[in-house]
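Q: Would you mind keeping the following structure in view while I ask a few things?
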Amino acid sequence: MKKSLGAITLAFPLPAFLVGSYDSEGRPNIMTAAWGGIASSDPPCISVSIRPARLTHEAILKNKAFTVSIPNSSLAVATDFAGIVSGKNTDKFAKAGLTPVKSELVNAPYVGECPVVLECELYKTLDLGAHTLMVGKIIDVKAEEGLEGEGSSLDMAKVDPILFNSGGDYHKVGAPVGKAFSIGKELK
Ligand SMILES: Cc1cc2nc3c(=O)[nH]c(=O)nc-3n(C[C@H](O)[C@H](O)[C@H](O)COP(=O)(O)O)c2cc1C
């Protein structure tokens, strides 16, 4: 028996992305975003939903670019910090001990300590109400060496991304349950 929870923003799993951009003075900034994910395969796109009040919102619209750095669980404190303090009055990179790396491909910085980063050009925006859906065309993905997986480009357990539970806490990746595009074949 299910009970209605109402029209709430609940989905599992949510990522904890660090969205990188330059402010109007060219200072690097990051903000945590959980409302995002891959949006298209051709062109390869990722979306993040950002409230207009965020510094990141105006920065992305101005520079027409952003990065998505995927932190691992050792960066959980810094990731939470980037989601509770605005770059309007704090140098979050410096305060969190993170390194802003200038992308050679798009006009946005990424987080040097993150194992995986996506460099994106702003492709489309959609005003949805409280949030603006920012769709980035993925120009390149960079990953630390040694994270390769068997049959997949990267091993998720080795990347060790932070999973955000909208209920309020951060989790690590759990055990695999089976091979994708494969285990379902037994029901064909
Ligand atoms: C786990 C987590 C997830 C968040 N996800 C989003 C999000 O998807 N969109 C958004 O607009 N704000 C989100 N926030 C809030 C922003 O990260 C926060 O307001 C941040 O201070 C904005 O930084 P900025 O003003 O430097 O851009 C999230 C915060 C946390 C802690």
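The values are calculated or read from the model by the stated rules, or taken from the named source; none is laboratory data. The structure displayed is predicted, hence computed values, not measured ones. Note: ideal-geometry Cβ built from the backbone for every residue, glycine included; neighbour counts use all protein chains shown. In case anyone asks, the SASA skips ligands and DNA or RNA and just uses the protein heavy atoms, side chains included. Shrake-Rupley method; radii C 1.70, N 1.55, O 1.52, S 1.80 Å.
Q: Would you kindly give the portion of the calculated P(r) for the stretch 36-91 that falls above 13 Å, as a percent of all Cα pairs?
A: Numbers: 1083 of 1540 pairs.
Value for the stretch 36-91: 70 percent of Cα pairs lie more than 13 Å apart.
Q: Please report the net charge: other residues with Cβ closer than 13 Å to the Cβ of P115, K and R +1, D and E -1. Walk me through the intermediate numbers first.
A: Details: positive: K142, K158; negative: E113, E144, E145, E148, D155, D160.
Surrounding charge for P115 is -4.
Q: Please list, ordered by chain and number, the residues whose modelled amide H lies under 5 Å from the amide H of E113; skip anything fewer than 5 residues away on the same chain.
A: Excluding prolines and chain starts, which carry no amide H, the hits are T99.
Q: Okay, next question. Once phi is turned into θ = phi - 60°, what whole-Hz ³J(HN,Hα) does the Karplus curve with 6.51, -1.76 and 1.60 give for every residue of the stretch 27-43, x standing for Gly and Pro?
A: 7, x, 9, 10, 9, 7, 9, 9, 8, x, x, 4, 10, 7, 9, 8, x
Q: With only alpha-carbon atoms counted, please give the Rg and Dmax of the stretch 129-188, in Å.
A: Reported Rg and Dmax, both Å: 16.1, 44.
Q: Right, here's the next one. Over the stretch 23-147, one equal point on each Cα, no solvent: what is log10 I(q)/I(0) by the Debye formula at q = 0.16 Å⁻¹?
A: So the normalised log intensities work out to -0.74.
Q: Hey, could you grab the Kirkwood Rh for the stretch 1-64? Inverse mean 1/r over distinct alpha carbon pairs, Å, one decimal. Let's see the in-between values first.
A: Values: mean 1/r = 0.0725 Å⁻¹.
Across the stretch 1-64, the inverse of the average 1/r is 13.8 Å.
Q: What residues qualify as long-range amide H neighbours of D23, i.e. H under 5 Å apart, gap of 5 or more or another chain, H built at 1.01 Å from N?
A: N29
Q: Which lysines, if any, have their Cα less than 29 Å from the Cα of K2, not counting same-chain residues under 8 positions apart?
A: Excluding near neighbours in sequence, the set is K172.
Q: Another question, then. Compute the distance in nm between two label points, each set 7 Å from the Cα along the Cα-to-Cβ direction, one at R51 and one at A180.
A: A separation of 3.1 nm, rounded to one decimal place.
Q: Aspartates and glutamates within cross-link reach of K188: Cα-Cα under 13 Å, excluding same-chain residues under 8 positions apart?
A: none
Q: Going by accessible area, probe 1.4 Å, with all protein chains left in place, what is the ranking of R54, R27, largest first?
A: On the way: R54 100, R27 135 Å².
The most accessible residue leads, giving R27, R54.
Q: Say a paramagnetic label sat at a point 7 Å from the Cα of S73, along Cα to Cβ; which residues of the stretch 155-180 have their backbone N under 12 Å from it?
A: From the stretch 155-180, the list is 157-163, 170-175.
Q: Next question, about the same structure. What relative contact order, as a whole-number percentage, does the stretch 82-147 give when Cα pairs under 8 Å and 6 or more residues apart are counted?
A: On the way: 82 pairs, mean separation 14.9, N = 66.
Relative contact order here is 23 percent.
Q: Counting only residues 5 or more places away or on other chains, whose amide H sits under 5 Å from the amide H of A16 once H atoms are built in the peptide plane?
A: Residues meeting the amide H criterion: I162, F164.
Q: HN-Hα J couplings of the stretch 44-55 from phi, Karplus 6.51/-1.76/1.60, θ = phi - 60°, integer Hz, Gly and Pro as x?
A: In residue order, the calculated couplings are x, 9, 10, 10, 9, 9, 10, 6, x, 6, 6, 4 Hz.
Q: I've got another one for you. When only C-alpha pairs under 8 Å and at least 6 residues apart count, what is the relative contact order of the chain, in percent?
A: Computed value for the chain: 23 percent relative contact order.
Q: Aspartates and glutamates near K62 by alpha-carbon distance under 13 Å, same-chain residues fewer than 8 away left out - which ones?
A: Hits, sequence-local ones excluded: D23, E25, E121.
Q: Can I ask one more? Rounded to the nearest Å, what's the spacing between the alpha carbon centres of the stretch 40-107 and the stretch 125-188? Just the number, please.
A: Value for the Cα centre distance between the two parts: 17 Å.
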